[in-house]
Every structure is written in C-alpha cells, then in structure tokens.
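The block underneath contains the structure these notes are about, expressed in structure tokens.
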Amino acid sequence: MDIAWIGHAAFRLRGRDVAVVTDPCPASTGFHLNRPQADVVTVSNSAPGYAWVEGVAGSPRKLDAPGEFEIRNILLTGVPTSLPQRQGATGGRNLAFVIKIDDVVIAHLGDLGALPGAAQIEELSQAHVVLVPIGGREHMDAPLAAQIISALEPRLVIPMLYRVGPETEPLDNLDPFLKEMGAEKPATVENHINVTPSSLPEHTAVHVLAPRGD
C-alpha cells in the first residue's frame, strides 16, 4: 500500500484495487491536488482547506460522517473527535478515519485538537500507521501530538500540517515534534512510502514525507 503526501492534510492512499484521498485541499493552502484519481474521499471537517472534493478526479464516494463503511473491499471508520480551538472559539467536530487497505491499517487524524477519549483511543489504536498534525498555532502542537502517539502506539508515524514553505510560514516546523519523539531529521525525504505488514518497524518510528502538491 502506497502513502503519498499531497500537502496540508491531504494524502493519497493507494492499494492494489482502490485509491483513497484524505482531506482534499484547494490551492489557497499553498498545495495543488493536481486532480488525483480516487474511489473514496474522506473529509475530516467542513473548513475549506479539508473539503475540496471537486478537486479529485473520478466519481469518488465522499465520507464525512461517523460510522463504519465498506467500499471496494476496504474498511473505513469515521471516529468523531474534537477540532482545535481557534481564536477563542470552542472547537467543533473533527473526524479521524481508520482505513484498512491491503492488511495495513492507517489512522488519519484530520485536524485533531485534543487528546481523544478512551473509546476513540481504542478505535484509533488499531492503526499501524498514524498521520498526525503537528504544526501548532491553529493546529495541534508537538507535545500534544507526541502524547497522542504514545497513547496509540502505532508502528509508523507520518507528520502533517506543519511548516514546509511560504504558505505555511505561521506554523511550527518539524523540529519540535522530532525532539518530542526522540527522532532525527532525515537527510533526504521522498514524497511517498510503500508499506506492507512485513515492512513495518518493530517499534514506533517517525517517517517524514515531502509534499507532492507544492
């Protein structure tokens, strides 16, 4: 199963027979979808940076509600969580998605803003791979992200929603999260990673991707 980071919270997950795009983002985020083909699109919240479904090619099934879904032999579960508080407002609902493709389970945390409750942690901790926001400011910061990773105990962690260029300048860069996780910045990064059950590390590891859609 191939995981490619488009940018922002948008990823393309591609298995043998199916493709999923998460949180498709418009160009206003600083990233370009380039019309990826998908069978399923997941939307964690209704903010414009997470719900540009019209930018995805094909006729994908849109998932933007809690519940369990089976589409083209993959299993997806929408797990209601909380958005970050923004400008003093109370955070709204965020949907994290647990997605099983080719025997690999991915949890895309969307724009998660608080430590999930016990029931949500139980659901999310099924994941081998967690895609986690880390950039702080209007998103979850590095210490909270590391706390959530500690609770979920995945095998692989891929950060998202952090500073990678001019459009994301207000956000924190990778360094605070890597420090919290005791990980080192890689010398080079690629845009995607191919994951199989046998290729997963024995203990939790951070894998940094470069955005494709910049």
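Take the residues in segment 28-54 that are in contact with a His (Cβ under 9 Å, 6 or more places away or on another chain) and at pLDDT 95 or above; name whichever of them is nearest to Thr168 (Cα to Cα). Quick ask: steps written out before the conclusion?
Step one: filter segment 28-54 for residues in contact with a His (Cβ under 9 Å, 6 or more places away or on another chain), giving 29-31, 42, 44, 49-50.
Keeping just the survivors that are at pLDDT 95 or above gives 42, 44, 50.
Working: Thr42: 22, Ser44: 20, Tyr50: 15 Å.
Applying the filter and picking the extreme gives Tyr50.
Picking from Val105, Val79, Val98, which residue would you name as being more than 16 Å from Leu13 (Cα to Cα), hydrophobic (A, V, I, L, M, F, W, C), in contact (Cβ under 8 Å) with a residue 24 or more places away in the chain and assigned to a strand (DSSP E or B)?
On the way: Val105 fails: more than 16 Å from Leu13 (Cα to Cα); Val98 fails: more than 16 Å from Leu13 (Cα to Cα).
Result of the check over Val105, Val79, Val98: Val79.
Taking first residues from segment 130-153 that are at positive phi and partners that are not in a loop (DSSP other than H, G, I, E, B), the Cβ contacts under 8 Å between residues at least 6 apart in sequence or on separate chains come to Gly136/Ala142; Gly136/Pro176.
The one condition from (1) of a type in the set (Gly, Ala, Ser); (2) in a loop (DSSP other than H, G, I, E, B); (3) under 15 Å from Leu13 (Cα atoms) that Gly135 does not meet is (3). Filter segment 10-67 for residues that are hydroxyl-bearing (Ser, Thr, Tyr) and touching a residue at least 40 places away in the same chain (Cβ under 8 Å); which is farthest from Leu161 (Cα to Cα)? Top of the filtered list is Thr42.
For (1) in contact with a strand residue (DSSP E or B) (Cβ under 9 Å, 6 or more places away or on another chain); (2) open to solvent by less than 40 Å² (accessible area, probe 1.4 Å); (3) in contact (Cβ under 8 Å) with a residue 12 or more places away in the chain; (4) closer than 21 Å to Leu124 by Cβ, each residue gets a yes or a no:
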site: Leu156; (1), (2), (3), (4): yes, yes, yes, yes
site: Tyr162; (1), (2), (3), (4): yes, yes, yes, yes
site: Leu174; (1), (2), (3), (4): yes, yes, yes, no
site: Leu178; (1), (2), (3), (4): yes, yes, yes, no
site: Pro197; (1), (2), (3), (4): yes, no, yes, yes
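When restricted to residues that are modelled with pLDDT under 95 and of a type in the set (Asp, Glu), segment 184-201 contains 1.
Candidates Gln126, Gln147, Gln120: the one that is touching a Leu at 6+ places or on another chain (Cβ under 8 Å) and polar (S, T, N, Q) is Gln147.
Of the residues making up segment 92-123, those that are open to solvent by less than 10 Å² (accessible area, probe 1.4 Å) and acidic (Asp, Glu) number 1.
Checking the condition within 25 Å of Val208 (Cβ to Cβ), touching an Asp or Glu at 6+ places or on another chain (Cβ under 9 Å) and open to solvent by less than 40 Å² (accessible area, probe 1.4 Å), which residue from Thr22, Thr29 passes?
On the way: Thr22 fails: touching an Asp or Glu at 6+ places or on another chain (Cβ under 9 Å).
Result of the check over Thr22, Thr29: Thr29.
When Glu180, Glu167 are checked against the criterion of being in a helix (DSSP H, G or I), modelled with pLDDT of 95 or more and either of a type in the set (Asp, Glu) or closer than 15 Å to Ile3 by Cα (or both), Glu180 stands alone in meeting it.
The values are calculated or read from the model by the stated rules, or taken from the named source; none is laboratory data. Predicted model, so just to flag it, every value in this text is computed and none were measured. Counting neighbours? That spans all protein chains shown, and the Cβs are built from the backbone with ideal geometry, glycine included. These accessible areas exclude ligands, DNA and RNA; they are computed on the full protein's heavy atoms, side chains included. Shrake-Rupley method; radii C 1.70, N 1.55, O 1.52, S 1.80 Å.
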